Amino acid sequence: MAKITPKIISLILRTLLVLIVSTPFIILLLAIQTGPTISYSSPLRPSELSQIEGLILENAPISPSIASRQQLRLNPHELNLLLRYSGDVMNLSPNWAAHMQLYEQSLRSQVSVKISDSIQPLYFNITAELRTESNVLKLTSLSFGKLQIPQQLLNFTLMRVRSRLQSSIPPFPDLSELMTSVGNVSITPEWLDVDLLWDPILLSRLGNGAQRFFISNQDRQRIIHYYQIIAEVADAIPVDIRAVSLNTFLIPLFTSAQERSRIRGNPIAENRAIFQTLATYVNEEGIEQLLGDAVANTIGEARFIEIRLQRRQDLAQHLVSTAAITASAGADFAELLSTTKEAYDARYRSGFSFSDLTANSVGVTLSRRATQDPASAIRMQERIISIQNEADYMPEVGNNRDGLSESDFNALYQDRNSTQYQERLSEIQKLINERPLFAGF
């Protein structure tokens, strides 16, 4: 038997030390690759955006304010179309690409993330396998590049992550409740079918909680400041006046934003906070939606005054709400919601309205230019302060033919991909761009 000398022990210890120190680097080398497993897609075409709009419309409940069971069915093409759009909305493109494949009672999701664009590009390639068990999807496999996560470690990590999220992220309990509302998940190579309970109260609570979670402490203080200005403006309006022009609030709010931007140097954040705060007030949603009940109770509730645009409350609501969505989630997402909402109204409610669509487009244009970059944000502050009347930014909509049913709309424009409809949208945007508030940008 060979004698174990101090030299051999020293060699073993040095070898173990090298292995321990190099293990993270070995894992990193296994996880990082020099090429993506998923090719990066080109920007979504208008026809693909129309498909997404159609998917939302087809899967939306007929009565969103009433709880009901909903059946969602997506084929692989539709699933990946929504995946691409989600990446665009979250500003993950072009350094992010994802793809899903459907199998019998399972799906595979692959994600490629570019982490370096030097001489040799580097990527994180992630592959996840999910399988239906007891009618719900469960993660059964996860790998990073060539590194396969052991199943026991995966289960342990998922349990710890869930526990951590539950204690640190306020909207997580509502998200967990939403997941439990899924009654059945069925997968074939052709379809992903999901049965779930549409609960408007839960969805509203989840949306509000998620919105508050992404508002920073600095933005929270901005929202409090602008809500107090709204309260002051409302208190100064005589009690016998039931409604006022949107300008009554826009001008003092952006006057304050201009002053604060000079001191704090963040005009984009100031403008965004105005749109978010004003949207809750115009829609009578309550400032607790942005601040939470505890903070909202400390500042009190502003007296409500109906805000109108061209003597219509709904136009003011459309403009300000779309401006808030644009400031928070981007113009592309706001535009998709705008056109989808009108298509939904044409099918189920009061009909397609070009007047509403015009107000939405003004909201997108206003917010986009007020949050595009610091110079544009300051320029919009200056222009809004100098507004003389509503026509400075809002085209007259009194001659629009509104209330079009889906069949009436299709008789006039065929569908929302038609040349006639696109020309009408271009005409509306041209009228907006010619308004004094936007001219010259």
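Within region 87-103, how many residues are at pLDDT 85 or above and loosely packed, with under 15 Cβ neighbours inside 10 Å? Please lay out each step first, then the result.
At the first step, the residues of region 87-103 found to be at pLDDT 85 or above are 96-103.
Within this subset, residues satisfying the condition of being loosely packed, with under 15 Cβ neighbours inside 10 Å are 101, 103.
Qualifying residue count for the region: 2.
Please go through region 93-146 and give me each residue that is in a loop (DSSP other than H, G, I, E, B) and in contact with a Gly (Cβ under 6 Å, 6 or more places away or on another chain), ordered by number. Show your work before the answer.
We begin by selecting, within region 93-146, every residue in a loop (DSSP other than H, G, I, E, B); these are 93-95, 104-105, 117-121, 134-135, 145-146.
Answer for region 93-146, where residues must be in a loop (DSSP other than H, G, I, E, B) and in contact with a Gly (Cβ under 6 Å, 6 or more places away or on another chain): just 93.
Quick check on my filter: what residues within region 194-248 are of a type in the set (Ser, Thr, Tyr) and either modelled with pLDDT of 80 or more or loosely packed, with under 14 Cβ neighbours inside 10 Å (or both)?
Of all residues in region 194-248, those of a type in the set (Ser, Thr, Tyr) come to 204, 216, 226-227, 245, 248.
Within region 194-248, 216, 226, 227, 245, 248 qualify.
Could you give every pair whose Cβ atoms fall below 7 Å, whose first residue belongs to region 44-72 and is farther than 23 Å from residue 184 by Cα, and whose second residue is surrounded by 13 or more Cβ atoms within 10 Å (Cβ to Cβ) and among the aromatic types (Phe, Trp, Tyr), counting only separations of at least 6 or pairs across chains?
44/85; 52/85
Could you say whether any residue in region 29-43 is of a type outside the set (Val, Ile, Thr), in a helix (DSSP H, G or I) and at pLDDT 85 or above? Show your work before the answer.
Residues of region 29-43 that are of a type outside the set (Val, Ile, Thr), as a first pass: 29-31, 33, 35-36, 39-43.
Adding the requirement that they be in a helix (DSSP H, G or I) leaves 29-31.
From what is left, the residues that are at pLDDT 85 or above are none.
No, region 29-43 contains no residue that is of a type outside the set (Val, Ile, Thr), in a helix (DSSP H, G or I) and at pLDDT 85 or above.
Of the residues 125, 80, only one is at pLDDT 85 or above and under 16 Å from residue 189 (Cα atoms); which?
Just one listed residue meets the conditions, 80.
Tell me, which helices (runs of 4 or more DSSP H) wholly within region 183-284 include 3 or more residues that are over 22 Å from the mean Cα position of the chain (by Cα)?
Values: elements: 200-213, 217-236, 247-264, 267-282.
Ranges flagged: 217-236, 247-264.
So, residue 390, is that one in the same structural domain as residue 246 (by TED's automatic domain parsing) and touching a Leu at 6+ places or on another chain (Cβ under 9 Å) or not?
yes
Restricted to region 324-369, and to residues that are in a loop (DSSP other than H, G, I, E, B) and in contact with a Leu (Cβ under 9 Å, 6 or more places away or on another chain), which residue is surrounded by the most Cβ atoms within 10 Å (Cβ to Cβ)? Give the steps one after another, and end with the answer.
First, the residues of region 324-369 that are in a loop (DSSP other than H, G, I, E, B): 330, 349-351, 353.
Cutting the leftovers down to in contact with a Leu (Cβ under 9 Å, 6 or more places away or on another chain) gives us 351, 353.
Values: 351: 18, 353: 23.
The qualifying residue surrounded by the most Cβ atoms within 10 Å (Cβ to Cβ) is 353.
Taking only pairs six or more apart or across chains, which ones have beta-carbon atoms under 8 Å, a first residue in region 278-306 that is at positive phi, and a second residue that is modelled with pLDDT of 95 or more and assigned to a loop (DSSP other than H, G, I, E, B)?
From residues that are at positive phi, the pairs are 284/304.
When you look at residue 411, is it among the aliphatic types (A, V, I, L, M) and outside the structural domain of residue 368 (by TED's automatic domain parsing), yes or no?
Numbers: among the aliphatic types (A, V, I, L, M): yes; outside the structural domain of residue 368 (by TED's automatic domain parsing): no.
No; evaluated as a whole, the condition is false for this residue.
The values are calculated or read from the model by the stated rules, or taken from the named source; none is laboratory data. Computed from a prediction, not measured in an experiment: that's the story for all the values here. Quick reminder, even Gly has a Cβ in these numbers, built from the backbone with ideal geometry, and neighbours come from all protein chains shown.
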